[in-house]
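Comments concern the structure below.
The values are calculated or read from the model by the stated rules, or taken from the named source; none is laboratory data. In this text the structure is predicted, and so the values were computed from the model without any measurement. Note that each Cβ is placed from the backbone with ideal geometry, even for glycine, and that neighbours are counted across all protein chains shown.
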Amino acid sequence: MSDSSPVRTATFTYRLRRFFGSLAPHLVLAGYSVFALFPIFMILINSFKTRKAIFGAPFELPNAQTFSLIGYETVTKRANFAQYFINSTIVTIGALLLILLIGAMAAYALSEYRFPGNALLGLYLSIGIMIPIRLGTVGILRLMVGLNLVNTLAGLILVYIAQGLPLTIFILSQFMRQVPRELKDAARIDGASEYRIFMLVLPLVRPALGAIGIFTMIPIWNDLWFPLIISPSAKTATITLGVQQFLGQFVSDWNAVLSSLTLAMVPILIFYIVFSGQMIRSITAGAIK
């Protein structure tokens, strides 16, 4: 009995340390989740309040006295929210599809073929990750004016393609280098064209495509800078730009602002809920690679 007591004590101590060791990361992640979701929660609950309640009791849930839909009524009457939503959808989906297509083709060429300047070209494209595209706003605006693409959705799509390609090419080229060369050589022996081999490689790098798609879509959807600079007209305004019409220098309609932000968050939240599992698998696969 005396010999087994220290063993039980050591076992209990080990289990206790293991429990608290695994609990600490979960507490940190839970705290960060609360910190990140708190602003979203505040925007959501205050969008259903009167203006007086927004400033008088911002942390309280709406009740019978403070509940109001005036913000949503203002958005539907004064703003062409449906058009803003369509514009954001066209720009985001169009840019995302072209980023994935062009980036995958460029990454395949850089990873598969050896030609003079291959490494330098890859390095040149990687520089775009380190240099923010907004530093070239003046040059981009001049280019858009010269091409008559100001106040067009095509101009926004082109800018976002240029913004997303460097990271896309860098990540996909690393993934495509991990695809066994024997598989591609076997396809060539069977007579498959390079385009056919490219289509065979794409499913093998699907985790990378999923991760890039998720992390590229959100910045494009939430961007305000380039819609404000390139497409400020009411016909081509996006959701984030449409919200600005309720903000004034002296008077701001906060009910409409919060309601617009809530409606703008809905597609992103739905996208995350639907594809959160795929995002986790994509990140895990990328870490394994």
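Among the residues making up segment 76-119, those that are among the β-branched types (Val, Ile, Thr) and either crowded, with 17+ Cβ neighbours inside 10 Å or at pLDDT below 85 (or both) are THR76, VAL91, THR92, ILE99. Going through ASP223, ASP190 one at a time, which residue ends up being in contact (Cβ under 8 Å) with a residue 24 or more places away in the chain, in the same structural domain as ILE86 (by TED's automatic domain parsing) and charged (D, E, K, R)? Residue meeting the stated conditions: ASP223.
Among the residues of segment 220-245, those identified as hydrophobic (A, V, I, L, M, F, W, C), surrounded by fewer than 22 Cβ atoms within 10 Å (Cβ to Cβ), part of a helix (DSSP H, G or I) and more than 16 Å from the chain's Cα centre (by Cα) are LEU228, ILE229. Inside segment 150-194, residues that are closer than 24 Å to THR89 by Cα, part of a helix (DSSP H, G or I) and of a type in the set (A, V, I, L, M) make up a count of 11. In this structure, does LEU258 turn out to be at pLDDT 85 or above, in a helix (DSSP H, G or I) and over 24 Å from PRO39 (Cα atoms)? No; evaluated as a whole, the condition is false for this residue. Suppose we filter ALA119, ALA109, ALA95, ALA104 for residues that are more than 25 Å from TRP225 (Cβ to Cβ), touching a residue at least 24 places away in the same chain (Cβ under 8 Å) and either in the same structural domain as PRO267 (by TED's automatic domain parsing) or among the acidic types (Asp, Glu) (or both); which single one remains? When all the criteria are applied, what remains is ALA104.
Results for (1) modelled with pLDDT of 85 or more; (2) over 15 Å from LEU258 (Cα atoms); (3) under 27 Å from the mean Cα position of the chain (by Cα), shown as yes or no for each residue.
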residue	(1), (2), (3)
ALA10	no, yes, no
ARG15	no, yes, no
HIS26	no, yes, yes
LEU29	no, yes, yes
THR50	yes, no, no
